[in-house]
Each structure stands twice: as structure tokens, then as C-alpha cells.
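Enquirer: Supplied in C-alpha cells, the structure appears directly below.
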Amino acid sequence: MPLSDRIRNRLVEFAAAVDASSKMARGEKPAGKALGVRMDETILDKLVHSLGVEPQLATRSDWLTAVSLAVRDQVIDRWLDSGRLGKRDGGKQVCYLSAEFLIGRLLRDAISNLGLSKSVEAALAKLGAAGDLPALAELEADPALGNGGLGRLAACYMESMASLGIPAYGYGIRYDNGLFKQRITDGSQVEIPDRWLAGGSPWEIERRGVSFKIGFGGAVEAAGGPASHAAAVWRPAEIVYAQAYDMPVVGWRGKRVNTLRLWSARAKAPLRLDQFNGGDHVGAMYNKTRAESINQVLYPSDATAAGQELRLRQEYFFTAASVQDLLARHVSTYKDVRNLAEKASIQLNDTHPSIAVAELMRLLMDEHSLSQAEAWAITQKTISYTNHTLLPEALESWTVHLMQTLLPRHMQIIYALDELLANEVKALPGDNHALAASVALVDRHGDWRVRMGNLAFAGSHKVNGVSQLHTDLMKTSVFKDMDRLFPGRIVNKTNGVTPRRWLQGVNPDLTELITSTIGEKVLDDLGEISKLKPFADDAGFRKKFIEVKRADKVRLANLIRERLDVQVDPSALFDVQIKRIHEYKRQLMNIVQTVALYNAMKAKPEANWAPRVKIFAGKAAPSYFMAKRIIHLINDVATTVNADASLRGRLKVAFLPNYNVSLAEVIIPAADLSEQISTAGMEASGTGNMKFALNGAITIGTLDGANVEMSEHIGLANMMIFGLTAAEVEEHRKAGLNPRAKIEASPSLKGALDAIGSGVFSGGDHGRYREIVENLYAHDWFMVTADFDAYEKAQARVDSIWADPARWAAMAVHNTASMGWFSSDRAIREYARDIWNVPA
């Protein structure tokens, strides 16, 4: 039979099988026996008819695309069925608004969650494809849609919502170039565009019928009618179109497929033909360039006025498109916006989408003719807000001038809401002038600024922190007065991570060991992993556990050799800190202690030093000078240490460039020691700490963020906790820290800083790290000097336990066994119960 006939026959069978599968998913009994779908024929069809490539000429990239499209077909069937079920049931839907979705590669997740691994592997073997499934999956581009924990949390939560059967849309921006691709040149970070879409993505579908007009600038006219409605007509000076692109989010065992909808900006008139024909070829494209700048990069630098304007344009663009999309679907189904809060819940993932409060008010009043009071009640019942940081600069504020210029109607609404808040404060007993100033949406000091954190708080019915410590600090710091005005609004929802990716996906060998030991129920409920605790005392199990870890370390060692040309010993202790580079995360303390260790090894070469590999990865914001200088220091220390033959390989330093999800998936399973050493009170939660512990790494860290709750579940005996608490940090800052005295009292710290400052690691350049050293002597806001000695003692304890392999292995097993509560499924169930009021 000719190839085309075979494929045509298989397509007929495939269509029949899909129809049967859909009926079964809807609870209907199929009319006859469902026909099996042969994955090899489906992949072959995609290769030939979608890519136009014959099998014998196909490249590995061709095979990857063909497999992705074949798997996507099965995803789409469930995706469409999830949509039909949602419409039929009429249940409440969650709309998750986030500037970031760090989703990682999608093929392996989809195959695993649909249970297709064996059939795809068998199909590739039968077809003689160029590479097995793991090798092909490695070729998939990492979607450059996020930077750090905020975006990865959003991805985990979207996957958990699908796994728990919660109807949800994720909303964000389809960034063309993401944050940036990081290169290290002469030790320094260099940023280049991350063109992840250059080859297209088989996972996205352009929804050409889903596009919304987004306005900027212009003027506002009174709409007339009753004064209580406060409606207006906004006539924007500029219109940009938001075009929808959808990606499927596949839940565990295919229970549900939700939608990640990303918006791409399009100009209303992309080409001025008269200008082009007149010779102004560049000017004729101005509208296109201006519009598309919105989705070029994640977090453009806000160091300039133009950068600040672009940031606000981005935030309003995706938020307005998302809220309009939600209302359009709601009105299409229910015909009236007054029951919006009963049918939809909008979750703001941090402060970036907080303009949604004013946008929803605008649409309800101006487009749907509700009164201000009605609109405000619906808005507050519909929206909830997750705060991710106590850093005031991250709460965002925009000058009234910029807001008035770019979003004049929204500025009117914000002033009106500000007056409502002021009246609520006036109704309180006593003198509340200070309270009124603190909770105001508009800060009327200096250049007058709109406080976006306050706007999000006021416009929400619930505001949550992401660890118990963070939530408690919210009530006593940045939102102290908001909590007084709206008591009970702040709740805690400690973060979690999805075990499908961060255990089953990244560590299949450990997963196999766990399931063969305690059963497969753990695949459906991570809480079952606690049954592993007794095996921490089982020498046979510990041996297998460490064998798995060893294999993961060999894989990482190979990657370090390939990318850095640095040879590391897999039997050494792998000491890992991978996260966004920021002074409060204290990569600086880590590398200074590395220098102190290097000095000690040089001074006592005969001592029995535990071999250690210090592994770093992370990006610094392009305009963050000090963070970029820390990266340079790490790489300079690495160059010196790695070339020092007198150490006999007992200390190595590796900075792996371009940290992303795929790199984390290799590093995390291989880590022995997880560095979670932020200044106490400054890390909201963290999720890397959870991923490491789940994979058997032992945490060295402060009592900050979710480390506090992890210590309660894991036990302090199985972690290396050190340093000042959040309360003690605050006391030190109020009392006035004397970092110079701390340095002078610590020979190890002083010796390390002297070496750094004298040019030992910078080729004799005394000025390269002068600012780092001088800041530690003079200010040290992030308590590096205050915590250094305690950190060094904790590292000494690490060495002593590492010298007892049985004890270390028992602690590692105990860490893995204690992480059931930190599943994102648990977190999402809490959101569903306490904030969204949806079944899960």
C-alpha cells in the first residue's frame, strides 16, 4: 500500500478514536470499540504532510516538531473537550494574570501527563528516528516568558489547576525575546536577545478571531446621565490591537487541559503607504515599531522615562486585553455582568497587573452602564491579589503625570477610588490623618505617584502572602495600615511546586525508586511521600538513593565540562545557589565564603578538606550594576580557583550562564547542598528551596520565607539553619550596624575581603571590586558581615556531616520524604477554598 494511502487510512482511524475518546471523557459510552491510535503513523503523517519532509531526509529538529504536533493532536482533543465541559457545567472560572509564565519545555510534560511516554518511545524506535525521546526533547526551545520564581510559580499553579480540574485561563504577554539570553564574556554578563520564537512553536495557536483594541492617551468626555453612574467616554489618541495566542496546559493524567493565553501587540495601521512611497521608509513603519515594542522584552529597563512608559504600556496592554476577553466570554454566556463575581475570579500575580482594578471599573461603568458603587462592589468581589515582595520598589508606583498622559480615564477612576478610601478612613473614630496618607492610592508628596500595591489591595477581596513569615510581615510593614483599614483581608497561601515536573519529570530514576518502595499513589498525591521516612534508616534504601544522586551528579558534571571546560568530581559535595542575582539573595556572601575557604585551603594544604564544587547560576537585571559586578566576581574567583593545581581539585567554582528552566532541571536533582541564604525578612517564599529538598538536597539557609515552614516539616536537625531572624535584622538596622567592627573581628572574613580588594582575583586590578568591599565596610544593608561567621560555622557543620555518608544520606532521604505539603496542588486547593470559592 502506498505511504499516502496508509496515512489516509490511519487518519480515518485516528478521527474515530478521537471521537470515542471525547465521548468517554464526557461520560458517554462509545457506540463501538474505540480504535487504537498508532503513534508511529501519526508522527509520520506530521513529518510528511505538515513539514513536507520524507523520513530518510528528516533532521532531529524535524522529528522533534513531528512528535510535538502528533502529541499536540491528542492534547487538542482534551483541550476542546475541557472547554465544552466548562460551558455545559457553567462553573466558576479562574483568570490568572501574570507578567511572567516560566513554563519551560512543554513536550515532555504533555507526554508524561497524558501517559504517552511508552507509545512515543516505541513509535520513534519503529520509525528509526534520529534520536530517542529524551534526546529530541532536549532540542526544544525554552519559552522565554519569565525570569525567576514569580513566573515559575505561575507555571506550577496553572499545571496544578488543570490537574485538579479547575477551569482556568492564564493571561500574559507573548514576549518575542523574553528577558535576555545571558552570555559571560571575560567574566561579565552580556545580554543578547533570546529569540525563542525564531523557529516557531508547535505549542501555540493563533486565535485570529480573538483580538481587542487597547487605547493609550487621548482625552475623556463626560457621558451624561445620572451623576451616580460617573460614566465617561474615553477617546484614546493611540490604538493597539492585542492578538491572542493560546498554549495548552495539560493536567496530570489528562484530567483537564486549560489555556495559557498570551497577547501580542499589533499596530492599527502598521504601514503608512503614503510615507513609504514618499521615501520615508523608516518613518512609515513607526506605528508598527511602537506597537510591537510592547511585547519585545520582559522587564525593559525603567532607568529612563521612556523605559518607565514602556513598562506601564506593557502592564496595561496585557491586563486590559485579559479583562476584556473575560468580560466578552462572560457576557456571551450569561448576558449580564452583574453576576461576574459568581462566575469568575481574577487573581493578580504580584503588582504588575494591578491596573486591572481600574480597567474593570472602567469597563463596568463606561461599557456596561453600571453605577460606580455597583462596579466597585463587583470589582472587589472578583479580584484577589498575591503579593510577592516586601521591597517597596517592587510594589511599583507611577507618576500621576505618566498615568494621566497614558491612561487618563484610569487616572480619573483612581482619584474617585481614592476619595472612597478617604471617606472610609474619615468614618473611623479618632485622628487618622496619618492612616489616610498611608492608605491613599495617590501619594501627594513630591512628584505625586499612584501606588499600585495599594490599588491592588483596595480592589481585592483577599490579599495573600506566599509564606507564613511573609504574610505576617505584610501586616506589620508595607500593608500595616491597609490591614488596619481592611482587617481580615490578608491571608496566607504558602507556595508550592508541581511534583509532575520537579520530581517525576526531572528525576525519573528517583521517582522509580520511590514508587517501587512505597507504591504509585504518590504520583497522584505527593502527601504519600511521607511514607518514605522510615527508609531513611534503611541502609539498603539509602544506598540506592545515593546511587540515583550520583548518576544525576555525573550528568551535571558532564554539562559543566561541556559548557565551561571545567572538570569536576561527581564524588565531591555539590553546593548549589541558582536564582536571580540580587543583593538580598546574598550570592555575595556565598562567594566571599568561597574565597575564605580558598584562603584556608592554601594556608593548610595538608588538612583533610571535604572536596566541594560551588555551583552558581542566575541573571542580573541589565541595569543592576552591583548584581552584575557580583557575577563578575564569581567568575573571576572561579578562574583563579579552578586553575590552582595546589588545591588538587578539592575546590571548584562553576558559574553556568543563561539560567533557565531546562538548566535548573539538570542542576536541581544533582545538588547535595541547597543555598537559601537570603537576608531574613526579604525573601517572600522561594520555590527553589522546595524543589531542591524534594530531590534530596539539604538546605543551608536563614529562617526566611518558606524556609521557616520547611524547617517545621523537615526538622531543624535535617537542615543547616543559621543567622539573624527577620526580627533581629530589623533590630540591627534600627540600632545601626557597625559592619567594620564585624569585619575586623572576623579574621576569615577580613582575609577574604582583603584578597578581593587587593586584586588577587582580578589580575591585580585593585579597583574592580572596590565598591563591593567599601559597601560592606560602610553600609551592609543586607547583613553579609553580620551573618558571615554564622554562615561559615554552618558550612563547617556541612563538612562534618558530609564526612559521615550514612548520616548525610539519611538526612537527604528525610528531606525528600518531608516535602509532601509543599506540592502546588495543596496550595491551589487552598486558593480554591479560601479565595476563589471553586471546587477542587
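Enquirer: Heavy-atom accessible area of V48 with all protein chains present, probe 1.4 Å, nearest 10 Å²?
Expert: Roughly 40 Å² of V48 is accessible to a 1.4 Å probe.
Enquirer: Oh, and also: To the nearest 20 debye, what is the magnitude of the charge dipole of segment 560-689 about its Cα centre, counting +1 on the Cβ of each Lys and Arg and -1 on the Cβ of each Asp and Glu? Before the final figure, lay out each step's value.
Expert: Details: 16 positive and 12 negative charges, 49 e Å.
The calculated dipole for segment 560-689 is roughly 240 debye.
Enquirer: At a 1.4 Å probe radius, which order do E562, E830 fall into by accessible area, largest first?
Expert: Largest accessible area first, the residues go E562, E830.
Enquirer: Continuing with the same structure: For the chain, build the charge dipole from Cβ charges (+1 Lys, Arg; -1 Asp, Glu) around the Cα centre, then report which of I835, Y169, G767 sits farthest towards its positive end.
Expert: About the Cα centre, the residue reaching furthest to the positive side is Y169.
Enquirer: Run the reach check for K213 against lysines, Cα to Cα strictly under 16 Å, same-chain hits fewer than 8 apart removed. What comes back?
Expert: K268, K288
Enquirer: Could you give the DSSP H helices of the chain that reach 20 angstrom or more along their long axis (alpha carbon positions) and whose average Kyte-Doolittle hydropathy is no lower than -1.0? Don't skip to the end; give the middle numbers.
Expert: Numbers: long enough: 3-25 (32 Å, 0.02); 60-89 (43 Å, -0.57); 149-163 (21 Å, 0.51); 305-334 (43 Å, -0.18); 408-426 (27 Å, -0.10); 539-564 (36 Å, -0.49); 587-603 (24 Å, 0.58); 625-642 (25 Å, 0.58); 784-802 (26 Å, -0.35).
What comes out of the filter, once short or polar helices are dropped, is 3-25, 60-89, 149-163, 305-334, 408-426, 539-564, 587-603, 625-642, 784-802.
Enquirer: A follow-up question, please. Using heavy-atom solvent-accessible surface (probe 1.4 Å) with all chains present, what is the largest-first order of K521, K553?
Expert: Descending accessible area places them as K521, K553.
Enquirer: Compute the Cα gyration tensor for segment 663-751, then decide on rounded, prolate or oblate, letting a ≥ b ≥ c be the square roots of its eigenvalues: rounded whenever a/c is under 1.5, prolate when a/b is larger than b/c in the other cases, and oblate in all that remain.
Expert: It comes out prolate by the Cα gyration axes.
Enquirer: Considering only protein heavy atoms, with the full assembly of protein chains and a 1.4 angstrom probe, order E100, E528, E520, E424 by accessible area, largest first.
Expert: Largest to smallest exposure gives the sequence E520, E424, E528, E100.
Enquirer: Here's another thing I want to ask about it. Got a sec? Charge dipole of the chain, +1 on Cβ for Lys and Arg, -1 for Asp and Glu; which of L526, N113, G696 is way out at the positive end?
Expert: The Cα lying farthest towards the positive end belongs to N113.
Enquirer: Okay, moving on. Pick out, from Y245, A70, I346, the residue whose Cα sits farthest towards the positive end of the charge dipole of the chain, with +1 on the Cβ of Lys and Arg and -1 on the Cβ of Asp and Glu.
Expert: About the Cα centre, the residue reaching furthest to the positive side is A70.
Enquirer: In deg cm²/dmol and to the nearest 500, what is the mean residue ellipticity at 222 nm of the chain if only DSSP H runs of at least 4 residues count, each as -39500 (n - 2.57), divided by the residue total?
Expert: On the way: 33 runs with 390 residues, N = 840.
Only helices count here, giving -14500 deg cm²/dmol.
Enquirer: Take every DSSP beta bridge whose two residues both sit in the chain, then give the antiparallel share in percent to the nearest 5. Before the final figure, lay out the partial values.
Expert: Values: 34 of 78 bridges.
Bridges in the chain are about 45 percent antiparallel.
Enquirer: Which loop trypsin sites (Lys or Arg not before Pro) in segment 331-365, with loop taken from DSSP, have no more than 16 other Cβ atoms within 10 angstrom of their Cβ?
Expert: Numbers: sites: K335, R338, K343, R362; in loops: K335.
Within segment 331-365, the qualifying trypsin sites (Lys or Arg not before Pro) (loop, at most 16 other Cβ atoms within 10 Å) are K335.
Enquirer: Is segment 749-840 rounded, prolate or oblate when judged by the Cα gyration tensor, a ≥ b ≥ c being the square roots of its eigenvalues, rounded requiring a/c under 1.5 and prolate requiring a/b larger than b/c?
Expert: Working: a/c = 3.63, a/b = 1.72, b/c = 2.11.
Oblate, since a/c reaches 1.5 and b/c is not below a/b.
Enquirer: For the chain, report the accessible area per residue in Å² (1.4 Å probe, heavy atoms, rounded to an integer).
Expert: Computed with neighbouring chains in place, this is 39 Å² per residue.
Enquirer: Indicate the gyration tensor shape class of segment 151-269 (rounded, prolate or oblate), computed on the Cα atoms with a ≥ b ≥ c the square roots of the eigenvalues: a/c under 1.5 is rounded; otherwise a/b larger than b/c is prolate and the rest oblate.
Expert: Oblate, because a/c is 1.5 or more while a/b does not exceed b/c.
Enquirer: Sticking with this structure for a sec: In percent, how large is the relative contact order of segment 255-344, given Cα pairs closer than 8 Å and 6 or more residues apart? List each step's numbers first, then the result.
Expert: Numbers: 58 pairs, mean separation 17.1, N = 90.
Across segment 255-344, relative contact order equals 19 percent.
Enquirer: Still on this model: For W802, what accessible surface area do you get with a 1.4 Å probe? Give it in Å², rounded to 10.
Expert: 50
Enquirer: Is there a pair in K381/K426; K426/K475; K480/K734; K619/K691; K604/K793; K579/K604 whose C-alpha atoms are over 25 Å apart, and which pairs would that be?
Expert: Violating the 25 Å limit, Cα to Cα: K579/K604.
Enquirer: Oh, and also: Roughly how much of D89 is accessible, in Å² to the nearest 10, using a 1.4 Å probe?
Expert: The accessible area of D89 comes to roughly 110 Å².
Enquirer: Among the lysines, which have Cα under 22 Å from the Cα of K46 when same-chain residues fewer than 8 positions away are ignored?
Expert: K46 reaches K118, K126.
Enquirer: State, as an integer percentage, the relative contact order of the chain based on alpha-carbon contacts under 8 Å between residues 6 or more apart.
Expert: Numbers: 1530 pairs, mean separation 98.1, N = 840.
Relative contact order of the chain: 12 percent.
Enquirer: Amide H neighbours of A654 under 5 Å, counting only residues 5+ apart in sequence or on other chains, H built in-plane at 1.01 Å?
Expert: The answer is K614, I615, F616.
Enquirer: Near K742, which aspartates and glutamates are there with a Cα under 13 Å away, not counting those fewer than 8 places off in the same chain?
Expert: D780, D787, D789
The values are calculated or read from the model by the stated rules, or taken from the named source; none is laboratory data. Since we're looking at a predicted model, the values are computed, not measured. Positions of Cβ are generated from backbone atoms using ideal geometry, with glycine treated the same way; all protein chains shown enter the neighbour counts. In case anyone asks, the SASA skips ligands and DNA or RNA and just uses the protein heavy atoms, side chains included. Shrake-Rupley method; radii C 1.70, N 1.55, O 1.52, S 1.80 Å.
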